[in-house]
């Protein structure tokens, strides 16, 4: 059989290629289903199996909704198809995501996956690289740190039987130890590694990922320095938009390479509240006519988007924060909140509060705080504690602004702090 038949969907597609479906398989099947399968049969045997897969999906849906008994051989084909991997089509995006969700609870990460991403996130990227990646463009991992997502993507690529091109994960990071990383040093303890500020850990990551050979390339790169866009990108994992400037540089350097109706972008910090990461919310809203939301990876910060419509040169940008009016911010965060599962939507709402403070919309921020804390006091402790730690910065900023801009700025920030303190007290009582 041709390359790719190790996957269940491809084995069924191969059967569709090799057999005259209308005459030999579909005896006694409804005319509607006959048309679906006929669409697959119309594709010549010399063509790629991938061209059969959309018809396979359609045929399977028809089979699922039929009540009459199927011909024995078609029953066998349906069992063969099972819940195996698929090539992504417009109609099968959400079907595939549902399959991935079923595997979250049983997933085991690669032993080389050391990092800050969750098991669910690693499961998602590995499943994408294994089941969906076609080789039409590159896989790019921005901000890979110690290579956890890189390892998961590489293991998925290793099991991918249909992508003949671009079978490599291109991972970028500074690979330089910073002070904030000390809080994650425990993750490296089993490796016997310990670093100090400004130490380069690229050689150690390369050694850790060496079992994946040429499936991985690591590049030490400052993403604040834009570079001309490279070849097409099919999958872009972004865990590096930690400032507005980084967001602008990443958009300029990588978004022009996305492939319409093919590329996926994962914003790893999307369902989070810290002011450093808020550019993702505004960016994806600003480009909402060119992306569709696909999936929030459960119990993580990652949101997945599919690139659907070409961006022209004037649209490939992240405008500065001051570009966004109060009305735009409300719309952007209504959009962003809708992308988060209900258990984590409060993190996005908290992000809105901080962006309003960043923009100096103190009254709007206070109203957002009231909506967040007075409606739901049972907020996650890490969210409440993190917000409390950030408020001193905004109190100082409000105090330094002239009274003509907002005479009540300080009192409004203090009112928000009081709401957070009350929520913290409520958490301790419960």
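The values are calculated or read from the model by the stated rules, or taken from the named source; none is laboratory data. Note that the coordinates shown come from a computational prediction; the quantities given were computed from them, not determined experimentally. Neighbour counts are summed over all protein chains in view; Cβ atoms, including those assigned to glycine, are modelled from backbone coordinates with ideal geometry.
Worth pointing out:
- Looking at 142, 122, just one residue is assigned by TED's automatic domain parsing to the domain that holds residue 222, within 16 Å of the chain's Cα centre (by Cα) and closer than 25 Å to residue 248 by Cα, and that residue is 142.
- Taken residue by residue, region 139-160 has no member that is assigned to a loop (DSSP other than H, G, I, E, B), surrounded by fewer than 18 Cβ atoms within 10 Å (Cβ to Cβ), in contact (Cβ under 8 Å) with a residue 24 or more places away in the chain and out of contact with any helix residue (DSSP H, G or I) (no Cβ under 6 Å at 6 or more places or on another chain).
Yes or no, residue by residue, for (1) in contact (Cβ under 8 Å) with a residue 60 or more places away in the chain; (2) loosely packed, with under 14 Cβ neighbours inside 10 Å; (3) in contact with a helix residue (DSSP H, G or I) (Cβ under 6 Å, 6 or more places away or on another chain):
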site: 311; (1), (2), (3): no, no, no
site: 318; (1), (2), (3): yes, no, yes
site: 332; (1), (2), (3): no, no, yes
site: 342; (1), (2), (3): no, yes, no
site: 365; (1), (2), (3): no, no, yes
site: 373; (1), (2), (3): no, no, yes
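- Check on residue 175, on the phi > 0 side of the Ramachandran plot, touching a helix residue (DSSP H, G or I) at 6+ places or on another chain (Cβ under 7 Å) and crowded, with 18+ Cβ neighbours inside 10 Å: yes
- Qualifying residue in region 328-335 (condition: touching a strand residue (DSSP E or B) at 6+ places or on another chain (Cβ under 9 Å) and not assigned by TED's automatic domain parsing to the domain that holds residue 104): yes
- Output for region 288-303, where each listed residue is in a strand (DSSP E or B) and either over 16 Å from residue 254 (Cβ atoms) or out of contact with any strand residue (DSSP E or B) (no Cβ under 6 Å at 6 or more places or on another chain) (or both): 292, 293, 294, 295, 296, 303
- Among the residues making up region 105-116, none is modelled with pLDDT of 95 or more and within 16 Å of the chain's Cα centre (by Cα).
- Scanning region 192-215 for residues that are surrounded by fewer than 13 Cβ atoms within 10 Å (Cβ to Cβ) and part of a helix (DSSP H, G or I) yields a count of 5.
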